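Chemist: Next up is a structure, given as structure tokens.
The values are calculated or read from the model by the stated rules, or taken from the named source; none is laboratory data. Quick caveat: nothing in here was measured; it's all calculated off a predicted structure. Neighbour counts are summed over all protein chains in view; Cβ atoms, including those assigned to glycine, are modelled from backbone coordinates with ideal geometry. We work out accessible area using only protein heavy atoms, side chains counted, and drop any ligands, DNA or RNA first. Shrake-Rupley method; radii C 1.70, N 1.55, O 1.52, S 1.80 Å.
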Amino acid sequence: MNRRKSQPEETDPSVGRLVLVEYYLTGDRTLIFFITAESAEPELVTVPVDAGQLADLVVPMVHALDRVAEDPAALEQATTVLGDPVLVGLVAPIFDRIRPGDWIYLVPHGPLHRVPLHAVPCRGVRLADAHPVVYTPSASVLRYCQANRRGPRSTALAVADPPGTEPLTFGQVHATALTGRFDCDRMQGADANRAELLRRLGGPAPDAVTADAGHRPPPGILHVGAHGVFDPEEPMGSGVELADGRLTATDVFGMRLTGTLVVLAACRTGVSDTRPGDELLGLIRALLYAGAPAVLVSLWKVDELSTAMLLDEFYRGLSDGPPAVVALHRAQSWLRRRTIADVLAYVEQARDGAGADHPAASRLALAEARIRLVARDFVGATNAAQAALTLASTDRDRRRVENVLHRARFLAGAGVRVPVDLGRRLYGSFFFWAPFVLVGDWN
């Protein structure tokens with residue numbers, strides 16, 4: 001492992017003090033190195049936690065997070081693990097050394113690559129409550145990412161709604177969030193295909209070796225809204241499903257992404273296979289190798305609605321000019337404060353924008369029904385579920401709707417009289433606001 005004694009560079013005067021926190025797991029303990037601009041040398045803290053203890057905690061948590069959509073009780077299990085004294089003990093030394101306004105760079109090791117360290121509760125607070133947090137595979141990779149910066153971001157390419165897979169409920173919303181805020185090109189529907197994306201970004205074009213990439217510069221932002229797949233047997237075959245097949249990590253190695261912030265609005269795009277020496281194999285490594293200074297990726301199977309709201313706010317903030325890590329930090333804080341009334345308004349706007357003919361129209365109505373159930377608006381939930389059933393075009397969608405419709409009808413017909421609660425904050429759990437992490441440069 002490369003232990004640099006040099007400090008992170010403060011090249012932007014608006015940046016707070018940078019604190020680099022690097023973890024290293026040995027046979028019987030965890031070493032935590034702290035580096036700041038004023039450090040003559042790294043400060044070392046030793047915690048009596050080994051990789052075996054961490055794996056015993058992290059593996060069940062990861063599995064639980066990926067089951068939340070099918071088993072809500074899994075969220076309680078994952079939340080309990082995140083607050084376990086072992087994990088708390090690994091972030092507590094950070095709180096002892098940071099000041100208000102600090103920015104934090106986290107360098108995980110081993111099983112910690114799967115842990116949202118920014119969301120671990122310690123003394124009633126989390127790092128992400130008050131501090132922008134960036135992740136990086138190593139200090140040397142951080143410098144490589146910073147060297148790939150390329151001016152202000154004014155252009156974007158949105159790849160969304162590829163056919164051939166189950167349509168994303170909010171795929172169109174993702175693309176719309178970029179349009180109007182940036183000079184944005186879209187590859188949507190059948191145009192959201194692997195061959196064209198590789199052609200545009202300089203990768204090898206299958207069946208067209210001589211394809212001309214047009215020599216256009218890479219976009220300032222590349223947004224890909226599609227289903228993500230992590231292949232533990234072949235990590236470099238992990239990727240996102242597009243109209244004509246999977247865009248893999250191997251494909252990405254051939255792209256030109258210098259200066260491009262890559263946002264993968266898909267599940268588990270931040271999961272990598274860890275090899276000896278803590279070498280990571282997967283999409284993150286491929287994207288950074290291709291020149292992306294930073295990538296925004298997810299650690300688990302995400303909730304589509306909260307993801308759409310988070311990214312919408314992230315892009316809104318990013319268009320105002322702050323560094324990406326600040327835009328993400330503000331978007332996470334904003335999402336935690338959203339009430340049921342806020343979320344219902346967002347869903348209504350998404351339904352209006354998509355239209356009844358959109359493949360995901362039924363699931364947008366179903367999202368409204370589920371939220372109204374949480375708000376104890378049983379009549380409203382029944383009406384929304386009935387609309388969803390009318391729009392459902394597949395047996396799977398119909399089964400999903402019928403389950404919610406039966407419950408809503410039962411509660412509405414049972415004469416349950418409770419106040420409708422539209423003021424409740426819906427996304428306070430880390431599951432909703434913490435899955436996306438910025439890896440690489442802060443800017």
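Chemist: Quick check on the chain: helices-only [θ] at 222 nm, where DSSP H runs of length 4 and up contribute -39,500 (n - 2.57) each and the sum goes over total residues. Nearest 500, please.
Modeler: Details: 16 runs with 170 residues, N = 443.
Mean residue ellipticity at 222 nm (helix-derived): -11500 deg cm²/dmol.
Chemist: Report relative contact order for the chain in percent, whole number only (criteria: Cα-Cα under 8 Å, sequence separation at least 6).
Modeler: Averaging sequence separation for qualifying contacts and normalising by length gives 14 percent for the chain.
Chemist: How far, in nm, would the chain grow between residue 96 and residue 123 when pulled straight, counting 0.36 nm per residue and subtracting the alpha carbon separation?
Modeler: Roughly 8.6 nm would be gained on extension.
Chemist: Considering every Cα-Cα pair within region 312-363, what fraction, in whole percent, is farther apart than 17 Å? Can you show the working numbers first?
Modeler: Numbers: 672 of 1326 pairs.
Cα-Cα pairs of region 312-363 separated by over 17 Å account for 51 percent.
Chemist: Using the Karplus curve 6.51 cos²θ - 1.76 cosθ + 1.60 with θ = phi - 60°, work out ³J(HN,Hα) for each residue of region 116-128 in order, rounded to whole Hz, and write x for Gly and Pro.
Modeler: Values per residue, Gly and Pro as x: x, 4, 5, 10, 5, x, 9, 6, x, 9, 10, 4, 6 Hz.
Chemist: Then there's this: List the residues, sorted by chain then number, that are 5 or more residues from residue 193 or on another chain and whose placed amide H is less than 5 Å from its amide H.
Modeler: Amide H neighbours of residue 193: 243.
Chemist: Could you tell me what percent of the accessible area of the chain is made up of carbon and sulfur, with a 1.4 Å probe and every protein chain present? Mind dumping the intermediate values first?
Modeler: On the way: 9370 of 18190 Å².
Of the solvent-accessible surface of the chain, carbon and sulfur hold 52 percent.
Chemist: Let me ask you something else. Report the percentage of all Cα-Cα pairs in region 75-151 whose separation exceeds 14 Å, rounded to a whole percent.
Modeler: Within region 75-151, distances greater than 14 Å cover 66 percent of Cα pairs.
Chemist: So for each of 120-131, 289-300 I average, over its residues, the number of other beta carbons within 10 Å; can you give me the resulting order with the highest mean first?
Modeler: For the peptides 120-131, 289-300, the packing ranking is 289-300, 120-131.
Chemist: Something else: Counting only heavy atoms of the protein chains, get the accessible area per residue of the chain (1.4 Å probe) and round it to a whole Å² value.
Modeler: On a per-residue basis, 41 Å².
Chemist: Further, regarding this structure: Compute the orientation-averaged projected area for the chain from the convex hull of its Cα atoms and round it to one decimal in nm².
Modeler: Taking a quarter of the hull surface, the average projection is 21.5 nm².
Chemist: Could I ask something else about it? Rounded to the nearest 20 debye, what is the charge dipole size of the chain about its Cα centre when +1 sits on each Lys and Arg Cβ and -1 on each Asp and Glu Cβ? The partial results should precede the final answer.
Modeler: Values: 46 positive and 51 negative charges, 171 e Å.
Here the size comes out at about 820 debye.
Chemist: Do you know the relative contact order of region 232-369, to the nearest whole percent, from alpha carbon pairs under 8 angstrom that are 6+ apart?
Modeler: Over region 232-369, the number comes to 18 percent.
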